[in-house]
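Engineer: First, the structure itself, so that you have it in front of you.
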Amino acid sequence: MRDLKNALWMVGRSRYRSRTERALALHLRGEARRDGLKLKSMNTRLEIEWYARDIHPWDRDDSQEKRSALFVRGSLDDTDAAITRLFQTLPEIDVIELTVLQQHSECTIMAGTVNRSAVAPDSRLSAGMRLWQRGIKYHSDGFRFEPLASIRQEESV
């Protein structure tokens, strides 16, 4: 099954590159010259933003501290899984720039850029460490996220 998935991934990526090269073949638009633009390299970037899921309804009666910890752990797990699935589903994407927002406050709780070519993180690590290895920034003590807005302002200064 893995071989089939790899083959489909290669076909999808090859088709994407072929379509790009065809778009650069200017002679197809009726020009007299037969030479087109020669592709040297290409990189496809996905910019995506989503809201973190709230905790499961059956956990809403737990203490505030436990609910907060569940939210942090769930958000880290969801983001790690989403990155993996996006790369698996979209073979033409080379780079994902993502932002994760907290639903009710609109605060950015995670953000970063992940390159497909980066070494896959060690599956034995926690989701938080895998995200950190992939280049995702977040600040959490395990019980709550701190908004990243102040960090982005510091980086731009």
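Engineer: Which of the lysines could a cross-linker bridge to LYS66, judged by Cα under 29 Å and excluding same-chain residues fewer than eight apart?
Structural biologist: LYS137
Engineer: With each pseudo-label sitting 7 Å past Cα toward Cβ, what's the TRP132-ALA25 distance in nm, one decimal?
Structural biologist: The answer from the label model is 5.0 nm.
Engineer: Arranged by the count of other C-beta atoms within 10 angstrom, fewest first, what order do VAL11, VAL72 take? Don't jump to the answer; show the numbers that get you there.
Structural biologist: Working: VAL11 11, VAL72 21.
Least crowded to most crowded, the residues run VAL11, VAL72.
Engineer: Give me the one-decimal nm value for the distance between modelled label points at ASP54 and HIS139, 7 Å along each residue's Cα-to-Cβ direction.
Structural biologist: 2.7
Engineer: So if R0 is 25 Å, what FRET efficiency would GLN64 and ALA149 give, r being the distance between their Cβ atoms, rounded to the nearest 0.05?
Structural biologist: On the way: r = 23 Å, r/R0 = 0.92.
Calculated value: 0.60.
Engineer: Pick from TRP58, TRP132, TRP50 the residue whose mean-square fluctuation is largest in a GNM of the chain, springs joining Cα atoms under 10 Å.
Structural biologist: Among TRP58, TRP132, TRP50, the largest mean-square fluctuation in the Gaussian network model of the chain belongs to TRP58.
Engineer: Ok, one more. Quick check: from the Cα gyration tensor, does segment 36-129 come out rounded (a/c under 1.5), prolate or oblate? Write out the running numbers ahead of the final one.
Structural biologist: On the way: a/c = 3.30, a/b = 2.20, b/c = 1.50.
Cα axes put segment 36-129 in the prolate bin.
Engineer: Would you mind putting 100-108, 77-85 in packing order, based on average other-beta-carbon counts within 10 Å, highest first? Can you show the working numbers first?
Structural biologist: Details: 100-108: 14.8, 77-85: 16.3.
Top to bottom by mean Cβ count within 10 Å: 77-85, 100-108.
Engineer: In addition: What value, in deg cm²/dmol to 500, does the helix sum -39500 (n - 2.57) over DSSP H runs of n ≥ 4 give at 222 nm once divided by the residues of the chain? Write down the numbers at each step before the final one.
Structural biologist: Numbers: 4 runs with 65 residues, N = 157.
When only DSSP H runs of four or more count, the value is -14000 deg cm²/dmol.
Engineer: Let me ask something additional. If the label point is 7 Å along Cα→Cβ of VAL95, which residues in segment 104-129 have backbone nitrogen under 15 Å from it?
Structural biologist: The answer is 112-118, whose backbone nitrogens lie closer than 15 Å to the label point.
Engineer: Where does helix 64-89 land angle-wise versus the long Cα axis of the chain, in degrees 0 to 90, nearest 10?
Structural biologist: Rounded to the nearest ten degrees, it is 10.
Engineer: Under the 0.36 nm per residue contour assumption, what length would be gained going from the current alpha-carbon distance of GLN88 and MET1 to full extension?
Structural biologist: Details: separation 87, 0.36 × 87 = 31.32 nm, distance 1.39 nm.
Result: 29.9 nm gained on full extension.
Any read-out appearing in this document is the output of simple, stated calculations on the displayed coordinates, not a laboratory observation. Since the structure is predicted, the reported quantities are computational estimates derived from the model, not experimental observations. A quick note on method: Cβ atoms are made from the backbone with ideal geometry, for glycine too, and the neighbour counts reach across all protein chains shown.
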